[in-house]
Amino acid sequence: MYGNLDIITIGESLIELSSDKSLSTAETFTKYYGGDTLAVAIAALRSNSKVGYITKVKNDGFGQYLLDCWQSEGLDSGQVRFSDLQNGIYFTGQNNNKVEMQFYRKKTAASALCIEDIDFEYIKTAKYIFATAFVQSLSLGCREVVKEVFKFAKENGIHVGYYPNFRHTDLLLDEAKEMFEEIKEYIDTIFINTKDDLLFETESPDNLLAKLADIQLEKALIIKNNEGIWASNRTEVSFVKIPEFEPVDLTGYTSAIIGAFISSRIKGESMIDSIRYANILGLMQASKTGAVRSIPKRSEVLEVMEKYYG
């Protein structure tokens, strides 16, 4: 029998190799892991939620490293499958106070995920299902997985969250719109960072909220870097200003905020308190290097929140 979970995320795991030097001069790299839905999962997990992760990895040294890390975190990886394809890798470096990134993620193990890999009884154990546009873009199989899991979740009263980060894919606008249209009716809450938005073609949170309301996506979290975070439901819109700060590394910043917000809402915290918590966790995450390595634990976030919000 499966245990009950708060959240299940579906996605791609990557090996992260990072340095505080430029990629051209670095001689050593620190090994960790990353991936957009994985960062959401770990942010929620470190916020004291029970989280499961669905993906495929190659059964090699890197794959074993990923599984060992997830087990030590307490991430439920019982539904992780194996593939003969490689594990994705990305490198990050620092060059004149700017983050350099180089990805090697073509035809990775995660792209081999298909509907036959999904145990729908496992999906039933969660309160919340989350995936991103990048997962959809990995392959036709991944696209089908997101659609069918979202549909199943909706039919079974499980909350569906979605982040349409199409700007980080190679998709044309028409392809992105087609992918979004096929899952739109199943989404309960949509998460958008205005710098990543490709679908709605506006950087104005007010305009974005109006467009989302027009298509009946009234539960939303909108992030505008250096300005603020807006959250809406059918009756109210809440806003928290992002304090001025100099980020060290924004890799995984949006995903960390999403995971923190979901975890807080599942705990029953108010919308404004959930945004405040997510805001501080995001600031702390972006103040260090690494997409996942830098995500703080809930106790650390609460301590900093006290200084900001009292």
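The values are calculated or read from the model by the stated rules, or taken from the named source; none is laboratory data. This one's a predicted model, so the numbers in the text were calculated from it and none came from an experiment. FYI the Cβ positions are ideal-geometry reconstructions off the backbone, even for glycines, and counts take in every protein chain you see. For accessibility, only protein heavy atoms count, side chains too; no ligands or nucleic acids. Shrake-Rupley method; radii C 1.70, N 1.55, O 1.52, S 1.80 Å.
Comparison of GLY252, GLY228, GLY259 shows that the only residue that is without any contact (Cβ under 8 Å) to a residue 60 or more places away in the chain and within 19 Å of the chain's Cα centre (by Cα) is GLY228. Residues in segment 36-55 that are touching a Gly at 6+ places or on another chain (Cβ under 9 Å), closer than 19 Å to ALA278 by Cβ and not aliphatic (A, V, I, L, M): ASP36, THR37, ARG46, SER47, SER49, LYS50. Looking for something touching a residue at least 40 places away in the same chain (Cβ under 8 Å) and of a type outside the set (S, T, N, Q) - is there at least one such residue anywhere in segment 201-214? The answer is no, given that none of the residues of segment 201-214 is touching a residue at least 40 places away in the same chain (Cβ under 8 Å) and of a type outside the set (S, T, N, Q). Counting only strands (runs of 3 or more DSSP E) wholly contained in segment 54-145, the ones carrying 2 or more residues that are over 25 Å from ASP20 (Cβ atoms), of a type outside the set (A, V, I, L, M, F, W, C) and touching a His at 6+ places or on another chain (Cβ under 7 Å) occupy 126-132.
Given the criteria modelled with pLDDT under 90, in contact with a Lys or Arg (Cβ under 8 Å, 6 or more places away or on another chain) and open to solvent by 50 Å² or more (accessible area, probe 1.4 Å), does GLU227 qualify? Considered against the rule, which asks whether it is modelled with pLDDT under 90, in contact with a Lys or Arg (Cβ under 8 Å, 6 or more places away or on another chain) and open to solvent by 50 Å² or more (accessible area, probe 1.4 Å), GLU227 comes out as no. Look at ASP84 and say whether it is over 19 Å from CYS142 (Cα atoms), in contact (Cβ under 8 Å) with a residue 12 or more places away in the chain and either among the charged types (D, E, K, R) or touching a helix residue (DSSP H, G or I) at 6+ places or on another chain (Cβ under 6 Å) (or both). Answer is no for this residue. What residue, among those in segment 168-194 that are open to solvent by 70 Å² or more (accessible area, probe 1.4 Å) and of a type in the set (Asp, Glu), is modelled with the lowest pLDDT? So, considering only residues that are open to solvent by 70 Å² or more (accessible area, probe 1.4 Å) and of a type in the set (Asp, Glu), the one modelled with the lowest pLDDT is ASP170.
Can you find even one residue in segment 195-211 that is within 16 Å of ALA39 (Cα to Cα), surrounded by fewer than 23 Cβ atoms within 10 Å (Cβ to Cβ) and out of contact with any Cys (no Cβ under 9 Å at 6 or more places or on another chain)? Step through it out loud before you land on a result.
Taking segment 195-211 first, the residues within 16 Å of ALA39 (Cα to Cα) are none.
No: segment 195-211 contains no residue that is within 16 Å of ALA39 (Cα to Cα), surrounded by fewer than 23 Cβ atoms within 10 Å (Cβ to Cβ) and out of contact with any Cys (no Cβ under 9 Å at 6 or more places or on another chain).
Being in contact with a strand residue (DSSP E or B) (Cβ under 9 Å, 6 or more places away or on another chain), under 25 Å from ASP249 (Cα atoms), surrounded by fewer than 22 Cβ atoms within 10 Å (Cβ to Cβ) and modelled with pLDDT of 95 or more is not true of TYR90. Taken over segment 237-272, residues that are part of a helix (DSSP H, G or I) and among the aliphatic types (A, V, I, L, M) amount to 8. Could you please let me know if GLU12 is assigned to a loop (DSSP other than H, G, I, E, B) and buried (at least 20 other Cβ atoms within 10 Å of the Cβ)? Yes: the conditions hold for GLU12. Looking across segment 281-310, just one residue is among the aromatic types (Phe, Trp, Tyr) and without any contact (Cβ under 8 Å) to a residue 40 or more places away in the chain, and that is TYR309. Among the conditions (1) within 18 Å of the chain's Cα centre (by Cα); (2) closer than 24 Å to LEU173 by Cβ, SER204 misses just one, which is (1).
All conditions in (1) at pLDDT 95 or above; (2) of a type in the set (Ser, Thr, Tyr); (3) over 22 Å from LYS107 (Cα atoms) hold for TYR53, with the sole exception of (3). Considering (1) hydroxyl-bearing (Ser, Thr, Tyr); (2) in contact with a strand residue (DSSP E or B) (Cβ under 8 Å, 6 or more places away or on another chain); (3) open to solvent by less than 10 Å² (accessible area, probe 1.4 Å), the lone condition that THR251 does not fulfil carries the number (3).
Here's the yes/no breakdown for (1) part of a helix (DSSP H, G or I); (2) charged (D, E, K, R); (3) touching a Cys at 6+ places or on another chain (Cβ under 8 Å):
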site: SER274; (1), (2), (3): yes, no, no
site: ASN279; (1), (2), (3): yes, no, no
site: LEU283; (1), (2), (3): yes, no, no
site: LYS288; (1), (2), (3): no, yes, no
site: VAL292; (1), (2), (3): no, no, no
site: SER299; (1), (2), (3): yes, no, no
site: LEU302; (1), (2), (3): yes, no, no
site: MET305; (1), (2), (3): yes, no, no
